[in-house]
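Accompanying notes for the structure given below.
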Amino acid sequence: MNHLASTFDPSDIQLSPSNLERIEDLNTRWRLLQVTVDTGKSNSGSNGLDEVDSKISVKEHLKQLTDAHTDFCLSQGSVERPFEQGISPNNVPYYINHQTQTTCWDHPKMTELYQSLADLNNVRFSAYRTAMKLRRLQKALCLDLLSMQTACEVFEQHTLKQNEQLLDISQLVACLTSLYQRLEQSHSHLVNVQLSVDMCLNWLLNVYDTGRTGKIRTLSFKTGIISLCKAHLEDKYRFLFRQVASATGFCDQRRLGLLLHDSIQIPRQLGEVASFGGSNIEPSVRSCFQFANNKPELEAAMFLDWMRLEPQSMVWLPVLHRVAAAETAKHQAKCNICKECPIIGFRYRSLKHFNYDICQSCFFSGRVAKGHKMQYPMVEYCTPTTSGEDVRDFAKVLKNKFRTKRYFAKHPRMGYLPVQTILEGDNMETWGSHTNTHTHTHIHTNTDKRHK
Ligand SMILES: [Zn+2]
């Protein structure tokens, strides 16, 4: 382990005083560890008392080894040449590229990931676009493997109870390390603990600590991890609500504001906040309390009912869940545009024409077949249709058959609960209109602005 320090040849490389200090520190600790191991060996097996001593020293040894390992890894990082991980004075990791002689907050793999997200910018509808980006991020961070139970156990293990308390980098690293070690146990071939910890920390700091103060709120940490974990949507909502609710289960406007603020930072970091009503969460808080008849405090059931309407500021989360569900879906239908059959992914069925289906990639790129207008209503399926759904859609098409384009333009149905707000950028596309189940959504596309 310590051979790395000895590979530095002072005649080749001029080491800075701080690096020399680090090597000296490592060497000292290495010697200390060897002494501990030796004492442990000599103590063991002579008598009962010594065994107790040896247990303590083994425990102490383990602690020193773990500490040294953590520190060593942090300075070594999960990067390869020409990159090197550095640590800022407030303990935040950053990355040095020796080839270009530049430094950057982002891990080289994170930079790669962000670059790869650019190809999703041709997805025309912001909620899908954001959700697709988040899905890719979720997978890169291996959070799609993390159950809510495991996450909660780790939160408990690290006594993350005070949600307004700040966590520093070492606490975040410790918590993330436990989390990914757990994941490694169940998915050893998928999880690289060191890399995942670095990447996830990188992401959390990008979302919640853009100024790199080296601290984020416990609530923010939990919100980030839980939003992207593998759990049922409503379980996530319940968990998040509990974090801001009082012991009696009620939440006031200020506390709901905290939760929505921390949630909206997730799409904001991807540059997508404008579509979800901007970073001002007051209109969303107002919308929620109006929904609850302006009571001073809100209970979980009311919050859940409001979330089921998919408020504009939060719609990216249910859509992320549908994107995940659609990934493996195979529909016995043929795309009217590219002729793909069966359709894999999302399937869009016209509620204006019989047997008119569009595949995900055609729909996302905004292609329409001859005679079909963007204003015509469609229904989204992320899982294969049931016969009941087929019958219901058939009835709807019958009703819509003689309605005109003007009728649909006058009666747009939106897929989310709009929130009155001053927009920071372009308008949210009226991209859909969901019904009360989670497997499909009505789509109605009036305006379609491309993401810049
Ligand atoms: Zn197609």
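The values are calculated or read from the model by the stated rules, or taken from the named source; none is laboratory data. Everything quoted here is computed from the prediction, not taken from an experiment. Every residue, glycine as well, gets a Cβ built from its backbone with ideal geometry; the counts of neighbours run over all protein chains shown. Only protein heavy atoms, including side chains, enter the accessible area calculation; ligands, DNA and RNA are left aside. Shrake-Rupley method; radii C 1.70, N 1.55, O 1.52, S 1.80 Å.
Of all residues in the range 367-389, how many are surrounded by fewer than 11 Cβ atoms within 10 Å (Cβ to Cβ) and among the charged types (D, E, K, R)?
Result for the range 367-389: 1.
Of the conditions (1) surrounded by 21 or more Cβ atoms within 10 Å (Cβ to Cβ); (2) without any contact (Cβ under 8 Å) to a residue 24 or more places away in the chain; (3) aliphatic (A, V, I, L, M), Ile226 clears all except one; give me its number.
It fails just one condition, (2).
How many of the residues making up the range 95-130 are in a loop (DSSP other than H, G, I, E, B) and open to solvent by 20 Å² or more (accessible area, probe 1.4 Å)? I'd like the intermediate steps shown before the answer.
Looking only at the range 95-130, we keep the residues that are in a loop (DSSP other than H, G, I, E, B), and these are 98-101, 105-107, 123-125.
Now restrict to residues that are open to solvent by 20 Å² or more (accessible area, probe 1.4 Å): 98-101, 105-106, 124.
Residues that pass the stated criteria total 7.
Could you run through the range 330-340 and say how many residues are open to solvent by 40 Å² or more (accessible area, probe 1.4 Å), more than 7 Å from the ligand (Cβ to nearest atom) and within 32 Å of the chain's Cα centre (by Cα)?
2
Within the range 272-280, can one find any residue that is modelled with pLDDT of 95 or more and among the β-branched types (Val, Ile, Thr)?
No.
Limited to the range 96-125, what total is found for residues that are within 21 Å of Ser361 (Cα to Cα) and touching an Asp or Glu at 6+ places or on another chain (Cβ under 6 Å)?
Adding up the residues that qualify gives 2.
Give the range 229-241 a look and list any residue that's open to solvent by less than 30 Å² (accessible area, probe 1.4 Å) and in a helix (DSSP H, G or I), or say none. It would help to see each step written out before you state the result.
To start, the set of residues in the range 229-241 that are open to solvent by less than 30 Å² (accessible area, probe 1.4 Å) comprises 229, 231, 233, 236-237, 239-241.
Leu233, Lys236, Tyr237, Phe239, Leu240, Phe241 - these are the residues of the range 229-241 that are open to solvent by less than 30 Å² (accessible area, probe 1.4 Å) and in a helix (DSSP H, G or I).
Glu164 passes all but one of (1) of a type in the set (Asp, Glu); (2) closer than 30 Å to Met302 by Cβ; (3) under 18 Å from the mean Cα position of the chain (by Cα); which number fails?
(3)
Could you tell me whether any residue of the range 347-367 is within 30 Å of Ser227 (Cα to Cα), modelled with pLDDT of 90 or more and more than 16 Å from the ligand (Cβ to nearest atom)?
Checking the range 347-367: not a single residue is within 30 Å of Ser227 (Cα to Cα), modelled with pLDDT of 90 or more and more than 16 Å from the ligand (Cβ to nearest atom).
Please go through the range 186-203 and give me each residue that is assigned to a helix (DSSP H, G or I) and under 18 Å from the mean Cα position of the chain (by Cα), ordered by number. Give the derivation first.
The first filter runs over the range 186-203 and keeps only residues assigned to a helix (DSSP H, G or I), leaving 186, 193-203.
Once the filter is applied, which keeps residues that are assigned to a helix (DSSP H, G or I) and under 18 Å from the mean Cα position of the chain (by Cα), the range 186-203 yields Val193, Leu195, Ser196, Val197, Asp198, Met199, Cys200, Leu201, Asn202, Trp203.
From the list Thr159, Thr213, Thr177, exactly one residue is under 22 Å from Val92 (Cβ atoms), open to solvent by 10 Å² or more (accessible area, probe 1.4 Å) and outside any helix (DSSP H, G or I). Which is it?
The unique qualifying residue is Thr213.
So that you can scan it fast, the table gives a plain yes or no per residue for (1) at pLDDT 75 or above; (2) exposed (fewer than 13 other Cβ atoms within 10 Å of the Cβ); (3) in contact with a helix residue (DSSP H, G or I) (Cβ under 8 Å, 6 or more places away or on another chain):
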site	(1), (2), (3)
Ile13	no, yes, no
Ser16	no, yes, no
Glu21	yes, yes, no
Glu24	yes, yes, no
Asn27	yes, no, yes
Thr36	no, no, yes
Ser42	no, yes, no
Asn47	no, yes, no
Asp50	no, no, yes
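Does Arg308 meet the test of being within 16 Å of the ligand (Cβ to nearest atom), surrounded by 15 or more Cβ atoms within 10 Å (Cβ to Cβ) and within 25 Å of Leu233 (Cα to Cα)?
When the stated conditions are applied, Arg308 does not pass them.
Somewhere in the range 61-71, is a residue at pLDDT below 60 and small (Gly, Ala, Ser)? Full working, then the answer.
Looking only at the range 61-71, we keep the residues that are at pLDDT below 60, and these are 69-71.
The next check asks that each one be small (Gly, Ala, Ser); those that pass are none.
No: zero hits.
State which residue pairs qualify: first residue touching a residue at least 24 places away in the same chain (Cβ under 8 Å) and inside the range 314-342, second residue among the basic types (Lys, Arg) in any location, beta carbons under 7 Å apart, and separation of 6 or more residues or different chains.
Leu320/Arg135; Val323/Arg135; Ala324/Arg135; His331/Arg347; Ala333/Arg347; Ile337/Arg367
With the checklist (1) surrounded by 23 or more Cβ atoms within 10 Å (Cβ to Cβ); (2) in contact with a helix residue (DSSP H, G or I) (Cβ under 6 Å, 6 or more places away or on another chain); (3) under 24 Å from Lys139 (Cβ atoms) in hand, flag the one item Cys288 doesn't pass.
(3)
If you scan the range 242-285, which residues turn out to be outside any helix (DSSP H, G or I) and either open to solvent by less than 10 Å² (accessible area, probe 1.4 Å) or closer than 15 Å to Trp316 by Cβ (or both)? Give the steps one after another, and end with the answer.
Kept after step one, since they are outside any helix (DSSP H, G or I), are these residues of the range 242-285: 245-252, 270-272, 277-281.
Of everything in the range 242-285, those that are outside any helix (DSSP H, G or I) and either open to solvent by less than 10 Å² (accessible area, probe 1.4 Å) or closer than 15 Å to Trp316 by Cβ (or both) turn out to be Cys251, Leu270, Gly271, Glu272, Gly277, Gly278, Ser279, Ile281.
Name the single residue, out of those in the range 291-305 being surrounded by fewer than 16 Cβ atoms within 10 Å (Cβ to Cβ) and of a type in the set (A, V, I, L, M), that is nearest to Gln265 (Cα to Cα).
Within the range 291-305, the match that is nearest to Gln265 (Cα to Cα) is Leu304.
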